[in-house]
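For reference, the structure discussed in these notes is given below.
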Amino acid sequence: MITYRATLDVARPIGQFVAQLLTEHRRAVGTRRGRRALGPFAQAVLVLRWFRDATPVARLATDSGIGVATAYRYLHEGITVLAAQTHDLPEVLTERLAAGDTHLILDGTLIRTTRVAGTVIKTKGRTAGQPVHRWYSGKHRAFGGNIQFLATADGFP
């Protein structure tokens, strides 16, 4: 087996910020110190690698020395913690209108992932009422997470 080191092209303060959010989340849910397989910074790196490089979860698990199920749990926990930092769309639109903005840019991308078994019941279309995979994008014909971005007309998030 060949081992090697790699560099993630994300600024260290971003990793430290995500780690701080994870630390606060762990305190809020009552996780005791030393009870997790990964510390907050290692978990933050796992999440950032998934976002930045679309690293398969099985590889993230192997590189971190944890099981695949634990890697998925840590990944989803990190995504949830980051998503909690965002504002609701009506709140942002009201704020931007008050600031005098007349236009906003909404863009998004699919970050490909390995297949996840979670399903939901479809509510629209000819197959309404049938289970569909939660992480499947019909537009891209691939599994992944839909990440959306809202910015002012000059590109400021």
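The values are calculated or read from the model by the stated rules, or taken from the named source; none is laboratory data. All values derive from a computational prediction rather than experimental measurement. As a convention, Cβ positions derive from the backbone with ideal geometry for all residues, glycine included, and neighbour counts pool all protein chains shown. Side chains included, ligands, DNA and RNA excluded: accessible areas come from the protein's heavy atoms. Shrake-Rupley method; radii C 1.70, N 1.55, O 1.52, S 1.80 Å.
Here are the numbers for the structure shown:
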read-out	value
Residues of segment 1-18 satisfying the condition of being surrounded by 10 or more Cβ atoms within 10 Å (Cβ to Cβ), under 22 Å from T113 (Cβ atoms) and either free of Cβ contacts under 8 Å to residues at least 60 places away in the same chain or not assigned by the TED database to the domain that holds Y74 (or both)	L8, V10, I14, G15
Given (1) under 25 Å from E24 (Cα atoms); (2) of a type in the set (A, V, I, L, M, F, W, C); (3) touching a residue at least 24 places away in the same chain (Cβ under 8 Å), number of the condition L60 does not satisfy	(3)
Residue in segment 78-88 that is assigned to a helix (DSSP H, G or I), more than 29 Å from R26 (Cβ to Cβ) and not hydroxyl-bearing (S, T, Y) present	no
Residue list for segment 102-157, restricted to those being closer than 20 Å to L82 by Cβ, assigned to a strand (DSSP E or B) and of a type in the set (A, V, I, L, M)	L106, L110, I111, I147, L150, A151
Evaluation of R27 against (1) outside any loop (DSSP other than H, G, I, E, B); (2) open to solvent by less than 90 Å² (accessible area, probe 1.4 Å) (one fails), failing number	(2)
